[in-house]
Amino acid sequence: MEAAKRKRNPAEYEEDEYDTFKPPPPPSSATANGGIDLSLLEALEKSQQNPVEVLDIKTVKKLVLAFERRLKENIAARLKYPDQPEKFADSEVELHEEIEKLKILAGGPEFYPELVNLGTIASITSLLNHENTDIAIDVVGLLQDLTDEDVLEDNDEPAQILVDSLVENNALELLVQLLGKMSDSDPDESAAIYSILATVENFIEVKPSVAELVCERTKLMKWLLTRIKVREFDGNKQYASEILAILLQSSTVNQKRLGQLNGVDALLQAVAMYKSKDPKTPDEEEMVENLFDALCCLLMPLENKEKFVKSEGVELMIIIMNQKKMCYGSAIRALDFAMTNYPPACERFVDVMGLKTAFPAFMGKASQLPLSKKNKKRYKEELEERLVSLVASLFGGILRGSRRDRLLSKFVENECEKIDRLMELYMRYSNRVKLESERFDQLELDDLEMDEDEKYNRKLEAGLYTLQLIAVILGHLWTSEHPRIRARIDLLLKQQKLTKQDVKDILQEYHDNIGDLEGPEEKERGQSKIQRFISSF
């Protein structure tokens, strides 16, 4: 998810009013003297007499002092006249003005440590709980400005100091609490919802650990799940889907937490709205992609894969694939995540006629799909890579019995056309990896050395991982000991002037680079499986 940051303004712009043409007014006395506008000269003289204040430590202290004074006056007025709003209305207007003035600090992030040292952050965050919602919304706008990505660029340390102080002063809890009070039906509050989500995203950008903190301390996840289930599309639903994906993309803790909140079912409901229709706008399309990104992240922990199967997620993804709408590729991706290292999902896939849906796509017969993507070629490549991964997951998850026989029979039917397709993909990805290796050799000739890990990662990006999965599928097919399958593989290797050793070399490289992310036992199990394939060839 991967993701470019977007800071949008949700407010709708009013349309320009095109009045009927009117002739320009006659020149005033101010411009009569040689066409020079004397009023502009007067304004220029006044501005020179009152120059704009330079932002320095002195100015920061002055702004903070004025803000604290207005805050104190407002608190006093509210305590003295709790039931007479007219008595504290003026102090509220003045407080609003001081909050607006503090936005100038976004022009000098280097002064954020001073802002923290002055103890102002506690005062600012306390206003998120102000009885006047307008004041709380003012503070959200201030925090959004102070933590904006563009403002904080090249100011990592001051940004960290500011966000640390905001988190210490319960900004996360207060922001999410305020979020629960806002309604999309009110334009100002709808804009505030967007600003709160933007501020949370800014916090995470500066301090990635906030992604887990905000879910641990608040009910943000619950709010996001409720928001994405609303049928009507709008900017805030889109942003809610984006924040959800961000919270899940690199946190197993958050993935498990959302699973416990019935998040798998909620996301399935959200994407089910698009099983037989396409998004109407690019923004809505982006939202659907965010929802699938979130769903795929959610399917990393084993317990969520189980929930996915129980909630009939496999069936829903097959329905989406059969409808051949824009979500087709995303449904394949979700199935791939669900079936990786989880045999029950693979078994369900076979039981509900998933093979009949997946293999026409594997054969490249999904070319008539509606592709809205800007880079259609890359989209098709990604689809191809996902389908190879899905088939590899099927072979890894279905090891015996009638389901295994049904899977193998797919590679025998129609004169072994699927083995032909597999070798076609093998050659294409093999050539891409070879080209990348030749680039390394050229770089070394140019004295630009590259270590082995970097070389391996570059080869993976060029398509080595998909090539390795194809070799793994060939390993499964070969170890089936089916005579027709083995004969076809032998024939195709000879036609391409390849030997079984070429396949073994790819499998060996895969074997040697299996990581221990899932624990040493899983690594050993994976390496043993690949070693069996190597030995069988």
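Exposed loop GluC sites (Glu not before Pro) only (DSSP loop, at most 11 other Cβ atoms within 10 Å): please give the longest stretch of the chain free of them, not including the sites.
Numbers: sites that count: E2, E12, E14, E15, E17, E53, E131, E153, E232, E449, E481.
Looking at the chain, 233-448 is the longest stretch - no exposed GluC sites (Glu not before Pro) with at most 11 other Cβ atoms within 10 Å.
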key: Positive-pole candidate from N304, G180, Q260, dipole of the chain, charges at beta carbon   = N304
ask   = Among all lysine pairs in the range 209-352 that are eight or more places apart or on different chains, how many have alpha carbons less than 12 angstrom apart?
value = 7
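Work the Kirkwood hydrodynamic radius out for the range 246-394: mean of 1/r over every pair of different alpha-carbon atoms, inverted, in Å. Please report the intermediate quantities before stating the final value.
Numbers: mean 1/r = 0.0652 Å⁻¹.
Across the range 246-394, the inverse of the average 1/r is 15.3 Å.
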remark   = Relative contact order of the chain (C-alpha contacts under 8 Å, at least 6 apart) in percent is 8
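Viscosity 1.306 mPa s, temperature 10 °C: Stokes-Einstein D of the range 65-198 from its Kirkwood Cα radius, in µm² per second? Walk me through the numbers on the way to the answer.
Details: Rh = 15.4 Å.
D = 103 µm²/s.
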key: Centre separation in Å (Cα based) which lies between the range 52-83 and the range 94-115   = 11
ask   = Once the principal axes of the Cα atoms of the range 231-318 are found, what is the range along each, listed largest first in whole angstroms?
value = 35, 27, 16
ask   = Where does the range 248-288 land on Rg(C-alpha)/(2.2 N^0.38 Å)?
value = 1.41
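If you roll a 1.4 angstrom probe over the protein chains with everything in place, what fraction of the accessible area of the chain belongs to carbon and sulfur, to the nearest %?
Numbers: 13790 of 28330 Å².
Carbon plus sulfur share of accessible area: 49 percent.
Can you tally the net charge around M339? Count Lys and Arg as +1, Asp and Glu as -1, for every other residue whose Cβ sits under 14 Å from the Cβ of M339. Spell out each step's value before the answer.
Values: positive: K305, R333, R348, R386, R403; negative: E306, E315, D336, E347, D351.
With Lys, Arg at +1 and Asp, Glu at -1, the neighbours total 0.
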request  = On each of the three principal axes of the Cα atoms of the range 464-534, give max minus min coordinate, whole Å, ordered largest first.
outcome  = 40, 23, 16
query = Hey, what did the range 291-394 get for relative contact order, percent, Cα under 8 Å, at least 6 apart?
reply = 32
inquiry  = Compute the angle between helix 376-397 and the longest alpha-carbon principal axis of the chain, please, reported from 0 to 90 degrees and rounded to the nearest 10.
reply    = 60
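Can you figure out the FRET efficiency of D405 with S536, using R₀ = 22 Å and their beta-carbon distance, to the nearest 0.05?
With a Förster radius of 22 Å, E is 0.70.
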query = So, in Å, what gap is there between the alpha-carbon centers of the range 166-235 and the range 390-463?
reply = 42
message = What's the magnitude of the charge dipole for the range 244-346 around its Cα centre, counting Lys and Arg as +1 and Asp and Glu as -1 at the beta-carbon? Answer in Debye, nearest 20.
response = 220
request  = Sequence neighbours fewer than 8 away in the same chain don't count; with that in mind, list the aspartates and glutamates whose C-alpha is under 16 Å from K181.
outcome  = E131, D134, D138, E173, E189
request  = Could you tell me how many degrees, from 0 to 90 and to the nearest 10, lie between the Cα long axis of helix 483-495 and the main elongation axis, the longest principal axis, of the Cα atoms of the chain?
outcome  = 70
inquiry  = At 10 °C and a viscosity of 1.306 mPa s, what translational diffusion coefficient does Stokes-Einstein give for the chain, taking Rh as the Kirkwood radius over Cα pairs? Give it in µm²/s as a whole number.
reply    = 57
key: Overall Cα dimensions of the range 404-537, principal axis frame, Å, largest first   = 51, 38, 20
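Output the relative contact order of the range 60-143, whole-number percent, from Cα pairs under 8 angstrom with separation of 6+ residues.
On the way: 58 pairs, mean separation 25.7, N = 84.
31 percent.
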inquiry  = Can you give me the accessible area per residue for the range 462-537, using a 1.4 Å probe, in Å²?
reply    = 54
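The values are calculated or read from the model by the stated rules, or taken from the named source; none is laboratory data. As the structure is a computational prediction, the values presented were derived from the model and not from experiment. Neighbour counts are summed over all protein chains in view; Cβ atoms, including those assigned to glycine, are modelled from backbone coordinates with ideal geometry. SASA here: full protein model, heavy atoms, side chains in, ligands and nucleic acids out. Shrake-Rupley method; radii C 1.70, N 1.55, O 1.52, S 1.80 Å.
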